[in-house]
Amino acid sequence: MATKEVATVQQILNLHQYKHTNLHVESVITQLKSCRTAKLGYHIYQCADEACATIKYQYHSCRNRHCPQCGALQKEQWIEDRKRELLPINYYHVVFTVPHELNSIILGNRKSLFNILFDASAKTLQCFASDKKYMQAQLGILSVLHTWGQQLSFHPHVHCIVSGGGIAMDNKQLVWKNGTRNKDNFLFPIKAMSIVYRSKFLEALKTSIKSSIIKLPNDCNQNELFKLLYQKEWIVYAKKPFGGPEQVIEYLGTIHTK
């Protein structure tokens, strides 16, 4: 008895033409329909053996995380790699956001501003972890960037998976130290973290502007911008410990991007 051939997602999308009103969704559909076809270009490989000289066309993949042909496989591999890094301890979920007043500047300086976002969030966490009042140890942090919110509006933020303890030096030996606030919502006070995070981010932004790494829009008044940003409350979210490493992996699988 012959096995019934199952249609692929790409075949279904190409067979049933569908136009979505959301530009982001439409872009994803277009990428899935074009994946590993001539539309995305190709590489040509030829056998080095002159007697063979076989030519093979390797079409490029779309590399979209929603694509079953490429992105989904990459995501699963990424998850498996992260599983091997996890420890049998508590993990926390923390999100660092930036005020929407910075959106236009970020759009024009994505790489530099995203680097500042990663650095400022990680340095804030480690600043508190280094304090003997909380841990006095080196944290484990895994950060994932998101550039869009739930409503598909531009909303850069970083998701951090943070270990419930850290490594410290004791009598010239590395030891593990648990956080002292493990029963609370998070290891460190959120309000204080928000203030430190804002300071570290804006100081790095000032330095980058001064050195011309980041350029402000022509109509932007730098003094007024920083005055506003220092006055605003920068939002930092934190959640209680995950149930275990497997829950961390499940969560990471939902937010991991290519």
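The values are calculated or read from the model by the stated rules, or taken from the named source; none is laboratory data. Predicted, not measured: the structure shown is a model, and the values here were computed from it. Cβ atoms come from the backbone with ideal geometry, glycine included; neighbour counts cover every protein chain shown. What goes into the accessible areas is simple: the full protein's heavy atoms, side chains included, and nothing from ligands, DNA or RNA. Shrake-Rupley method; radii C 1.70, N 1.55, O 1.52, S 1.80 Å.
Summary of computed values
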{"read-out": "Residue identified as in a helix (DSSP H, G or I), closer than 30 Å to Thr37 by Cβ and out of contact with any strand residue (DSSP E or B) (no Cβ under 8 Å at 6 or more places or on another chain) among Glu76, Glu101", "value": "Glu76"}
{"read-out": "Among residues of segment 79-91, those that are under 16 Å from the mean Cα position of the chain (by Cα) and in a strand (DSSP E or B), counted", "value": "0"}
{"read-out": "Identity of the residue in segment 92-131, over 13 Å from Val196 (Cα atoms) and of a type in the set (Asp, Glu), that ends up nearest to the chain's Cα centre (by Cα)", "value": "Glu101"}
{"read-out": "Of residues in segment 182-220 being of a type in the set (D, E, K, R) and outside any helix (DSSP H, G or I), the one most open to solvent (accessible area, probe 1.4 Å)", "value": "Lys183"}
{"read-out": "Count of segment 17-57 residues which are surrounded by 11 or more Cβ atoms within 10 Å (Cβ to Cβ), among the polar types (S, T, N, Q) and over 22 Å from the mean Cα position of the chain (by Cα)", "value": "3"}
{"read-out": "Filter pass, Glu101 being closer than 30 Å to Lys123 by Cα, loosely packed, with under 14 Cβ neighbours inside 10 Å, in contact (Cβ under 8 Å) with a residue 40 or more places away in the chain and acidic (Asp, Glu)", "value": "yes"}
{"read-out": "Single residue of segment 144-178 satisfying the filter (modelled with pLDDT under 90 and of a type in the set (Phe, Trp, Tyr)) that is nearest to the chain's Cα centre (by Cα)", "value": "Trp148"}
{"read-out": "Boolean, Tyr230 is of a type in the set (Ser, Thr, Tyr), open to solvent by 10 Å² or more (accessible area, probe 1.4 Å), modelled with pLDDT of 85 or more and not in a helix (DSSP H, G or I)", "value": "no"}
{"read-out": "Residue in segment 50-73 that is part of a helix (DSSP H, G or I), acidic (Asp, Glu) and either touching a Gly at 6+ places or on another chain (Cβ under 6 Å) or without any contact (Cβ under 8 Å) to a residue 24 or more places away in the chain (or both) present", "value": "no"}
{"read-out": "Residue count, segment 21-49 (criterion: free of Cβ contacts under 8 Å to residues at least 12 places away in the same chain, of a type in the set (Gly, Ala, Ser) and in a loop (DSSP other than H, G, I, E, B))", "value": "1"}
{"read-out": "Single condition Gly179 does not satisfy, out of (1) open to solvent by 30 Å² or more (accessible area, probe 1.4 Å); (2) touching a residue at least 12 places away in the same chain (Cβ under 8 Å)", "value": "(1)"}
{"read-out": "Options Asn64, Asn109: the member that is crowded, with 18+ Cβ neighbours inside 10 Å and at pLDDT 80 or above", "value": "Asn109"}
{"read-out": "Cβ pairs under 8 Å, 6+ apart, first in segment 122-137 and farther than 10 Å from Gly179 by Cβ and open to solvent by 60 Å² or more (accessible area, probe 1.4 Å), second at pLDDT below 90 and in a loop (DSSP other than H, G, I, E, B)", "value": "Lys133/Thr180"}
